[in-house]
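K.L.:
Here it is, the structure in full.
Taken together, the values in this text are just the output of simple stated rules run on the coordinates, not laboratory data. In this text, all values refer to a predicted model and were calculated from it rather than measured experimentally. Cβ placement follows ideal geometry from the backbone for every residue including glycine, while neighbour counts extend to all protein chains displayed.
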Protein chains: 2
Amino acid sequence: MANIPVLEIFGPTIQGEGMVVGRKTMFVRTAGCDYSCAWCDSAFTWDGSAKDDIRQLSAHEIWSELTQIGGKKFDHVTISGGNPALIRAIGELVELLHENGVKVALETQGSRWQDWFEQIDDLTISPKPPSSRMETNFDVLDDIITRLSSKAREMAPSLKVVVFNEEDFHYAKEVHARYPDIPFFVQVGNEDVHTSDDGELISTLLRKYEDLIDRVVEDEMMNDVRVLPQLHALVWGNKRGV
Amino acid sequence: MANIPVLEIFGPTIQGEGMVVGRKTMFVRTAGCDYSCAWCDSAFTWDGSAKDDIRQLSAHEIWSELTQIGGKKFDHVTISGGNPALIRAIGELVELLHENGVKVALETQGSRWQDWFEQIDDLTISPKPPSSRMETNFDVLDDIITRLSSKAREMAPSLKVVVFNEEDFHYAKEVHARYPDIPFFVQVGNEDVHTSDDGELISTLLRKYEDLIDRVVEDEMMNDVRVLPQLHALVWGNKRGV
Ligand code: SF4
Ligand code: SF4
């Protein structure tokens, strides 16, 4: 059985973002990313700074650690990264979680397809806007969205774009217009992922959230849209593992 | 054609609560409630203080005002109250909105059934916990949930309980255990619906939100649950009409 490079297993806590925002969940964070976004809030998953913390675990070892930490206090697991879509063996983990009655959420930027995408209960595809300094490969993304659309009734995928500036907002509009039938979320970008001044961070994030709401409100191309902050940043600031 | 007692029409803005939290929407607030919750944040809809602002409008008049205010910048309307379930004529409004390609959300405490419930796209039933000093009629609620459950695949109803204290949390657990198949939300109560000190309000609400998350996290009867704050209170405080 293939292994999965794991950096963190923690919870239960709540999902702070996207389509199942507020959902009680455990987190499994995988190592490795094919991107290097300018503002990545999980750069330790790919920049080498936490490479000694990476453990190669089997699906069964992950499940056993989840139950050891979470006991009976969870029925939902979020797999995040890095980019978990780089890892074929995630499919075995998803299967094992389902066998145990646990639902699975996963987020990826949409740079790579995996057949196990179709098994994910809450799949978020989060293509990265210009401020990330990454370039979206729309051929790959088109292919992913087309495959998911045929399954959309059972598995409810969604798109999420993080917005830092005007250019990002324009990119978000393009993505929404390109895939109008996929539930669409825009999220406030957190420009300061290192500050520990929580009061300052909260007021900045709420002000930027209001700005993003204003942009969406004023734009008739952005009607069937949900605008969200990152709840975990409002509650815990930039702390890790909560 | 029957009229609808309307207190406010405003938007577009975002839905700050519940199952479609963050969704861009217009609001129509109806007058009148069969409850008088101790902490009601819309007491002006039933306590007589705004009775001169109530207008009796037909569905067509409401639609025309919605388009006048919102232009082409919306495709979703939230009907709130008071308790809109007191008003039979809401059915005509929902039909008219659907004819115009607009989706409809509605929230009610679940004290009364209306046949048009089945037409609502995002229906939230929000029974009131003990701190409201209201008493839930579980015969009525059972009947509502049973009827909705048979339609749940098409219309996705949800339950939401606002929690102010330990007793409310216990009530929330009972409601969730009674209707385990209905998506369940718990929401932080706002104890001070009159303060205009937004900084103080925000930090109190975030602290209470963290407390509520902790309660849910620790409780194995509360796994398939979503915990949310009121986003509009974090962004706009207690201001009305945003
Ligand atoms: S895709 Fe995600 S994990 Fe990878 S660099 Fe960008 S923000 Fe970081
Ligand atoms: S049911 Fe809603 S509107 Fe009616 S009194 Fe209670 S909180 Fe206020």
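K.L.:
Compute the distance from the alpha-carbon center of the stretch B:117-167 to that of the stretch A:1-38, in whole Å.
P.N.:
The two parts, judged by their Cα centres, are 32 Å apart.
K.L.:
Turning to a different aspect of this structure: DSSP loop GluC sites (Glu not before Pro) in the stretch A:117-186 with at most 15 other Cβ atoms within 10 Å of their Cβ, which ones?
P.N.:
Those that pass, being in a loop and sparsely packed, are A:Glu135.
K.L.:
Give me the one-decimal Kirkwood hydrodynamic radius in Å for the stretch A:4-236, with the sum taken over alpha-carbon pairs.
P.N.:
Evaluated over the stretch A:4-236, this radius sits at 18.2 Å.
K.L.:
What FRET efficiency do you get for A:Asp142 and B:Arg207 if R0 is 60 Å and r is their Cβ-Cβ distance, rounded to the nearest 0.05?
P.N.:
0.85
K.L.:
Still on this structure: Only loop residues by DSSP count here, and only those with at most 11 other Cβ atoms within 10 Å; note down the trypsin sites (Lys or Arg not before Pro) in the stretch A:35-75 that meet that.
P.N.:
In loop regions of the stretch A:35-75 (DSSP not H, G, I, E or B), the sparsely surrounded trypsin sites (Lys or Arg not before Pro) are A:Lys72.
K.L.:
Write down, largest first, the equivalent ellipsoid semi-axes of the protein assembly as shown in whole Å, where each equals the square root of 5 times an eigenvalue of the alpha-carbon gyration tensor.
P.N.:
For the protein assembly as shown, the semi-axes come out at 37, 25, 22 Å.
K.L.:
Considering only Cα-Cα distances, which of the following residue pairs are longer than 26 Å: A:Lys160/B:Lys24; A:Lys151/A:Lys173; A:Lys208/B:Lys173; A:Lys103/B:Lys24; A:Lys51/A:Lys239?
P.N.:
With Cα atoms farther than 26 Å apart: A:Lys208/B:Lys173; A:Lys103/B:Lys24.
K.L.:
Within the stretch B:1-45, which chymotrypsin sites (Phe, Trp or Tyr not before Pro) sit in a loop by DSSP and count at most 15 neighbouring Cβ atoms inside 10 Å?
P.N.:
In loop regions of the stretch B:1-45 (DSSP not H, G, I, E or B), there are no sparsely surrounded chymotrypsin sites (Phe, Trp or Tyr not before Pro).
K.L.:
In degrees, nearest 10, range 0 to 90: what is the angle between the Cα axis of helix B:59-70 and the longest Cα principal axis of chain B?
P.N.:
80
K.L.:
Among B:Ala85, B:Ala172, B:Ala38, which one moves the most in a GNM of chain B with springs linking Cα atoms closer than 10 Å?
P.N.:
Ranking B:Ala85, B:Ala172, B:Ala38 by mean-square fluctuation puts B:Ala38 first.
K.L.:
Inter-copy label distances at B:Glu135, 7 Å along the Cα→beta-carbon direction, one decimal in nm, shortest first?
P.N.:
7.0
K.L.:
Write out the cysteines belonging to chain A for which the nearest other cysteine Cβ is not under 4.7 Å, or none if no such cysteine exists.
P.N.:
A:Cys33 - these cysteines have no disulfide-compatible partner (Cβ-Cβ under 4.7 Å) in chain A.
K.L.:
Separate question: Go ahead and run the numbers for FRET between A:Gln68 and B:His194, Cβ-Cβ distance against an R0 of 45 Å, rounding to 0.05.
P.N.:
Result of the calculation: an efficiency of 0.45.
K.L.:
Just from its helices, what would the mean residue ellipticity at 222 nm be for chain B, if runs of 4 or more DSSP H residues each count -39500 (n - 2.57) and the sum is divided by every residue, rounded to the nearest 500 deg cm²/dmol?
P.N.:
Rounded to the nearest 500, it is -9500 deg cm²/dmol.
K.L.:
Once the piece of chain linking B:Ala177 and B:Val242 is laid out straight, how much longer is it, given 0.36 nm per residue of separation minus the C-alpha distance between them?
P.N.:
Full extension of this stretch gives 19.9 nm more.
K.L.:
Could you list the residues of the stretch B:126-169 with an amide nitrogen less than 11 Å from a label point located 7 Å from the Cα of B:Met221 in the Cα-to-C-beta direction?
P.N.:
Residues passing the 11 Å test: B:169.
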